[in-house]
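Undergrad: To start, I am sharing the structure in question, which I have written as structure tokens.
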Amino acid sequence: MENQLGENPQMEGNIHSIETFGTVDGPGVRYVVFVKGCPMRCLYCHNPDTWAAAGGEKMTVEQILTDYDRYKPFLRDGGLTVTGGEPLVQLDFVLELFTEAQKKDIHTCLDTSGIMFRRDNPELLEKYRKLAEVTNVVMLDIKHIDPEEHKKLTGQPIDNILDFLHFLDEQEVEIWIRHVIVPGITYIPEYLERLGKYLAHFKHVRALDVLPYHDMGKEKYKKMGIDYPLKDVQPLTNKEAKEARDIILGAMKKERQEMKEHGEL
């Protein structure tokens, strides 16, 4: 169905599920839409049932926003979050949904890996610019800062993800970085420091969510008949996650201080 921006509330998305009281998916209490489809194969993914683009429930923009209104009184200081899967697999739908949501003064948050971003297609880039205009916050998942390790962890290159971070900063969109800390993979001081130094160069990175690795997806993998890749990796403790966050923030602070001394800030 052709997308006439802002004039097509009947555009459909392929939806995996909806959570009506999300508290970890953006500011405040959120109405969270999980879409189907994802090209990433993160070793720690706990939602393998969202990988395939097929098999979800078709819902229109109008249906979602009508359902949102039912819960509006409970969504204090919150709004609408779209996650996945990878929401940018369904870029046209998310763009239409956020466009209509903004007309209703609904705060919009996009939880994405950025893997679908491309600058080399002018038509596609224009859609991303329009999406930036109707998105209040982007929660960007950076899986690993090292290109080779990123590919091992996710099955995908990191280039488009980091380019998307640059794009969001250029568009002056508020960015929250999410980073999962996995023992033996990302829970390594060298990589944490590299991530902090890199993030220091972006003006619109406003928050850092460090998420400790857990293995709660094991049962889901078992039911789906899929081998769980990290079955021998122990979950990270909250204490270890805090230590990792401190390393990242310490490296950011140090890098920004050096940038300031060199007149780069």
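The values are calculated or read from the model by the stated rules, or taken from the named source; none is laboratory data. Please read all numbers here as calculations on a predicted model, not as lab measurements. Here Cβ is always computed from backbone atoms with ideal geometry, including for glycine, and neighbour counts include all displayed protein chains.
Undergrad: Which residues, taken from segment 123-153, are more than 29 Å from H107 (Cβ to Cβ) and not hydrophobic (A, V, I, L, M, F, W, C)? Break it down stepwise before answering.
TA: Kept after step one, since they are more than 29 Å from H107 (Cβ to Cβ), are these residues of segment 123-153: 144-153.
The answer is H144, D146, P147, E148, E149, H150, K151, K152.
Undergrad: On to the next question. What is the one condition in (1) part of a loop (DSSP other than H, G, I, E, B); (2) in contact with a helix residue (DSSP H, G or I) (Cβ under 9 Å, 6 or more places away or on another chain); (3) at pLDDT 95 or above that G85 does not satisfy?
TA: G85 satisfies all of (1) part of a loop (DSSP other than H, G, I, E, B); (2) in contact with a helix residue (DSSP H, G or I) (Cβ under 9 Å, 6 or more places away or on another chain); (3) at pLDDT 95 or above except (3).
Undergrad: Can you pull out the residues in segment 100-128 that are more than 17 Å from the chain's Cα centre (by Cα) and assigned to a helix (DSSP H, G or I)?
TA: E100, A101, Q102, K103, P122, E123, L124, L125, E126, K127
Undergrad: A follow-up question, please. Of the residues F117, F93, F74, which single one is within 24 Å of H16 (Cα to Cα) and surrounded by fewer than 15 Cβ atoms within 10 Å (Cβ to Cβ)?
TA: Numbers: F117 fails: surrounded by fewer than 15 Cβ atoms within 10 Å (Cβ to Cβ); F93 fails: surrounded by fewer than 15 Cβ atoms within 10 Å (Cβ to Cβ).
The match here is F74.
Each row is one residue, and each column tells you yes or no for (1) modelled with pLDDT under 90; (2) surrounded by 16 or more Cβ atoms within 10 Å (Cβ to Cβ); (3) over 25 Å from R206 (Cα atoms).
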{"residue": "E219", "(1), (2), (3)": "yes, no, yes"}
{"residue": "I226", "(1), (2), (3)": "no, no, yes"}
{"residue": "L230", "(1), (2), (3)": "no, yes, yes"}
{"residue": "K239", "(1), (2), (3)": "no, no, no"}
{"residue": "K242", "(1), (2), (3)": "no, no, no"}
{"residue": "I248", "(1), (2), (3)": "no, yes, no"}
{"residue": "A251", "(1), (2), (3)": "no, yes, no"}
{"residue": "H262", "(1), (2), (3)": "yes, no, no"}
{"residue": "L265", "(1), (2), (3)": "yes, no, no"}
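Undergrad: Out of E255, E190, report the one residue that is of a type outside the set (V, I, T) and touching a Lys or Arg at 6+ places or on another chain (Cβ under 6 Å).
TA: Values: E190 fails: touching a Lys or Arg at 6+ places or on another chain (Cβ under 6 Å).
Every option except E255 fails the conditions.
To keep it simple, each residue is scored yes or no on (1) closer than 26 Å to K152 by Cα; (2) in contact with an Asp or Glu (Cβ under 6 Å, 6 or more places away or on another chain); (3) in a helix (DSSP H, G or I).
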| site | (1), (2), (3) |
| --- | --- |
| G26 | no, no, no |
| F34 | yes, no, no |
| H46 | yes, no, no |
| K72 | no, no, yes |
| V89 | yes, no, yes |
| F98 | no, no, yes |
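Undergrad: Then there is this: So which residues in segment 149-173 are in a helix (DSSP H, G or I), closer than 17 Å to Y191 by Cβ and not charged (D, E, K, R)?
TA: Listed by number, the residues that qualify are H150, L153, T154, I161, L162, L165.
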